[in-house]
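Scroll down for the structure; my scribbles are underneath it.
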Amino acid sequence: MNKSKILKEVFGFSSFKKGQEEVIDALLEGQDVLAMLPTGTGKSLCYQLPGYILPGTVLIISPLISLMQDQIEHLRMIGEKKAVALNSFLNYHERNHVLQNLNEYRFIYISPEMLMFEPMFEPIINRLQQIKLSLFVIDEAHCISQWGHDFRPDYLHLGHIREQLGNPPTLALTATATKDVRTDIKKYLTMTNLQEFNYSVDRPNISMTVEKLGNQLEKRERLLQLVQYLQKPGIIYFSSKRMAEETANELIREGIKGVAAYHGGMEQEQRILIQQQFLYGQLQIICATSAFGMGINKNDIRFIIHYHMPGQIESYLQEIGRAGRDDEPSIAIMLYSDGDENLPIHLIDYELPNPSQIELYFSKAKQGQLQNIADELGLSETQLRFLAYHRTQNNNIEQIKSLRNARFQHKYQKLKQMINWIQCEECRRKKIVAYFEGQLESVPAQCCDYCKMDITLYKQKIQYTESKHETWEDRLALLLLGSDQS
């Protein structure tokens, strides 16, 4: 079958979205491709469709189990049975069966860490070397640069793994990669015969607004107002697991139905259950940390609220990109009060070991005393991974301190850019597009708080009793514009 016939008969679409066909054609010609396509525009089709044309297996490197499971489920829905995710959801016997029959699968999803795993004393990569790979795909490829230098160093080995697998045609997919990040991706994947496709990150149907509140109490009250009146479903993002849970409980006490918390500290089965309940409409609001994001392919999310600011613009764009995938009007609201930047600064400190921790770690390593080292030195898992990785690279203490300081400055610079965007007094959409080295082609009618917009578009589509003095629309507009005095 040709690609148009596969698009219609297998995937049920009558036409390609912007960028999809160009990427697919380049892959079918055997080229390596780096593609930056906006969130919610069907990036997975770029490798799934060629999987029905090219001989062999498509290997997809995916960062999260939730993302793998979501992709597998969608493939199952279109009738694809030759797809599997090699992750911790498989028990010993299931994993062994998959490894013994890898050549029977059209799509194999795996994390960078699992690629290095050695079940039964044989690396998984040895098994992959025995099958024909039609494509080597890195989904969410910005993770190479964003995570690889810190707590997921196995991302930095993907180029070497690709070489071990015979350098199959490679596709790196992302929605949020600056020029520097794209350079990182190409460097660590050692991509050759490369064709790049960089499309605008803009999502015109998502309005963006920042509301500045006087203090944390005002912010809390404002959040409750917004959640009561905004059209649902929606996601509220926090940088604190505790705040996500406390807010979910508070909303439930206020009588708001279909609310749950989600964060990385929960049991994996519980996270998957909440994700599925949200995807199928049993939950309407998720109070989440950034752990709730990739793999949330729900078309009708109407609002994204950031209670805490993300540490960088890339994360902000990824998170608001969960909204409006059905191309209907949606809104992204950032709640900000003075001092909010202190939390992301604390998180940056928590992600990287301080100089004294570096010195003590290597002193203990030299003495062979690394058992229980995390508790002894007060190291987070992220800090421990950073130290363990750089120890394997034979870096000395001063080199690692220097690397740590460089990463800290990089993260702090990213945070400053996020703060500057919050404080800017011009079109927010234009600023974000420019951050990714693009130009805004046109300003949508519902753009941002500086370009004006009709906020009543985002009200709940239910009837309320009107007061004698104001209509429902009037009250909603006052609430969302921050002018409510009641």
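Descriptive notes on the structure:
- Label-to-label distance for Tyr280 and Asp349 is 4.5 nm, based on points extended 7 Å past Cα in the beta-carbon direction.
- Sorted on the mean count of surrounding Cβ atoms within 10 Å across their residues, most packed first, peptides 321-330, 82-91, 394-403, 31-40 read 31-40, 321-330, 82-91, 394-403.
- Among 21-28, 448-455, sorting by the average number of other beta carbon atoms lying within 10 angstrom of each residue, highest first, gives 21-28, 448-455.
- Convex hull of Cα atoms in the range 165-248, direction-averaged projection (nm²): 9.8 nm²
- Backbone phi angles across the range 134-147, fed through the Karplus curve with coefficients 6.51, -1.76 and 1.60 (θ = phi - 60°), yield HN-Hα couplings of 7, 8, 10, 10, 10, 7, 6, 5, 4, 4, 4, 8, 6, 10 Hz in residue order; Gly and Pro are listed as x.
- P(r) of the range 1-65 over all Cα-Cα pairs, binned every 10 Å from zero, in whole percent: 19, 56, 24, 1
- Segment Glu269-Ser240, extension gain: residue separation times 0.36 nm, minus the distance between their alpha carbons: 8.4 nm
- Long-range Cα-Cα pairs in the range 3-198 (distance over 20 Å), rounded percent: 53 percent
- Note, ³J(HN,Hα) from phi for the range 181-186, Karplus 6.51, -1.76, 1.60, rounded to Hz, x at Gly and Pro: 5, 5, 5, 4, 4, 5
- A cut-off of 5 Å between modelled amide H atoms, ignoring neighbours fewer than 5 places along the same chain, links Tyr109 with Ile60, Val84, Ala85, Leu86.
- Protection proxy ranking of 300-307, 196-203, 221-228 - average other beta-carbon atoms within 10 Å, highest first: 300-307, 196-203, 221-228
- Computed FRET value (nearest 0.05) for His157 with Glu398, which takes r as the C-beta separation and R₀ as 22 Å: 0.35
- Ratio of the Cα radius of gyration of the range 165-209 to 2.2 N^0.38 Å, where N counts its residues: 1.49
- The radius of gyration of the Cα set in the chain, together with its Dmax, comes out at 23.4, 78 angstrom.
- Couplings for the range 31-43, taken from phi via the Karplus curve 6.51 cos²θ - 1.76 cosθ + 1.60 with θ = phi - 60°, read 7, 7, 9, 10, 10, 10, 10, x, 4, x, 10, x, 5 Hz in order; Gly and Pro are left as x.
- Radius of gyration and maximum dimension Dmax of the range 88-244, Cα, Å: 21.3, 62
Where a number appears in this text, it was derived from the coordinates with a stated rule and is not lab data. All of these numbers come straight from a predicted model, not from anything done at the bench. Glycine also receives a Cβ, built like all others from the backbone with ideal geometry; neighbour counts cover every protein chain displayed.
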